[in-house]
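The values are calculated or read from the model by the stated rules, or taken from the named source; none is laboratory data. Treat the numbers as computed from the prediction; the structure is a model and nothing was measured. Quick reminder, even Gly has a Cβ in these numbers, built from the backbone with ideal geometry, and neighbours come from all protein chains shown.
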């Protein structure tokens, strides 16, 4: 199976470009993508899996952020070492789609790394387009990188960005598409710049809440 067909819908947040779907987008599906509702979320556990060394305080912060927003319990797993099979072609960063393919399973997993990650962005004709995060919609797996989130900002701004990106990518895993109803909603498209992430609030608009049964 090709990678393009393997990824149902891939959603991106990144520094130069907005989130992206692959060819298997919602318009081509006969049935609407199912968003997990509150009853299903109560049964969920998200496994936070560090790739390489990630500061324990960052892992705890992600765990608390997800629980505070979704009321989904998280378990922090022992780290996995970064391996050469998930390197991008340049060997200077890691390929996000390879990471998702390697670690995708029936277990809900948020992968976190402090290394730079990239994606083959055909629209920009860039084989290694640096990104913040990547995840299946819907699905069980997403990958977040702190590399670009923490550049040239203090701890408070970095954590604000990290919280937003984690909530956004988990939202895609739950089945949420990009929001077009409220520019401040966390499911809004990044619109090509990190400034969109910075101006968003830690909230879902009424429409996004309704789709997953949030109050």
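Couple of notes before you dig in:
- Residue that is nearest to residue 46 (Cα to Cα) [pool: residues in segment 145-188 that are in contact (Cβ under 8 Å) with a residue 60 or more places away in the chain and outside any helix (DSSP H, G or I)]: 174
- Some residue of segment 205-214 being modelled with pLDDT of 90 or more, in a loop (DSSP other than H, G, I, E, B) and touching a helix residue (DSSP H, G or I) at 6+ places or on another chain (Cβ under 9 Å): yes
- Taken across segment 43-66, residues that are at pLDDT below 95 and touching a helix residue (DSSP H, G or I) at 6+ places or on another chain (Cβ under 9 Å) do occur, with at least one present.
- Across segment 177-211, the number of residues qualifying as out of contact with any strand residue (DSSP E or B) (no Cβ under 9 Å at 6 or more places or on another chain) and surrounded by 19 or more Cβ atoms within 10 Å (Cβ to Cβ) comes to 1.
- Where strands (runs of 3 or more DSSP E) fall wholly inside segment 47-144, the ranges with 3 or more residues that are buried (at least 21 other Cβ atoms within 10 Å of the Cβ) and under 18 Å from the mean Cα position of the chain (by Cα) are 109-113, 117-121, 133-136.
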